[in-house]
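Taken together, the values in this text are just the output of simple stated rules run on the coordinates, not laboratory data. What you are looking at is a predicted structure, and each value in this text was computed from that prediction instead of being measured. So basically every Cβ, Gly included, is an ideal-geometry build from the backbone, and we count neighbours across all protein chains shown.
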Amino acid sequence: MQQIILGSLIRQAKGTELLCQLLREEYSLLRAGEPDRVAALEMSVQDLIRQLVREREALTGRLLADGMTSLAVFLEKLSPADRRIFETWRARIIMHEQDSAHLASVNAELAMALWKQSGVLLRHFQDQVAPRERNTYSAKGTWQDRATTATLVRGRL
């Protein structure tokens with residue numbers, strides 16, 4: 001049982017380390033302005049997170065099957081030397097999770113800033129293209145004298 005739990009902790013530690021690397025790469029792609037590659041990388045990030053969740057659920061299920069409510073209860077039953085090994089891997093998981101959370105928030109802020117910048121730029125371009133005068137040619141190619149106020153119905157009695 002110890003080998004199964006240790007194997008799970010090692011996989012989680014390596015998975016969270018990979019997650020940090022992917023988030024760093026995502027940041028560099030965001031900075032480089034490559035949205036297609038960011039989208040592809042985001043799919044990999046989401047798949048890795050799903051795998052990490054499944055691994056954690058499997059570990060929890062294994063501990064519950066053996067009558068332990070948490071990893072801490074399991075660690076209390078180990079010798080000090082074995083406990084250090086397990087705690088080292090658990091500390092790596094925690095460290096990588098915290099790094100991932102920080103990197104994900106930085107990436108989210110950068111993506112939001114780029115989105116806002118794109119919106120402002122798009123509005124600027126639309127304002128440049130839109131006619132400045134209200135009186136313009138209609139879609140039929142005739143002169144259209146538009147009213148300055150909004151009207152729902154316009155006609156004669």
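Say a paramagnetic label sat at a point 7 Å from the Cα of Ala65, along Cα to Cβ; which residues of segment 1-21 have their backbone N under 16 Å from it? Under cut-off, by backbone N: 1-9. What's the Kirkwood radius of segment 2-131 in Å, using all Cα pairs? Roughly 17.3 Å, rounded to one decimal. Shown here for segment 1-65: GluC sites (Glu not before Pro) in loop regions (DSSP other than H, G, I, E, B) with at most 15 other Cβ atoms within 10 Å, of which there are none.
For Leu78, no residue 5 or more places off, or on another chain, has a built amide H under 5 Å of its own. Taking label points 7 Å from Cα along the Cα-to-Cβ direction, Arg56 and Met112 give a separation of 2.2 nm. Modelled label positions at Glu76 and Glu42, each set 7 Å beyond Cα in the direction of Cβ, lie 4.4 nm from each other.
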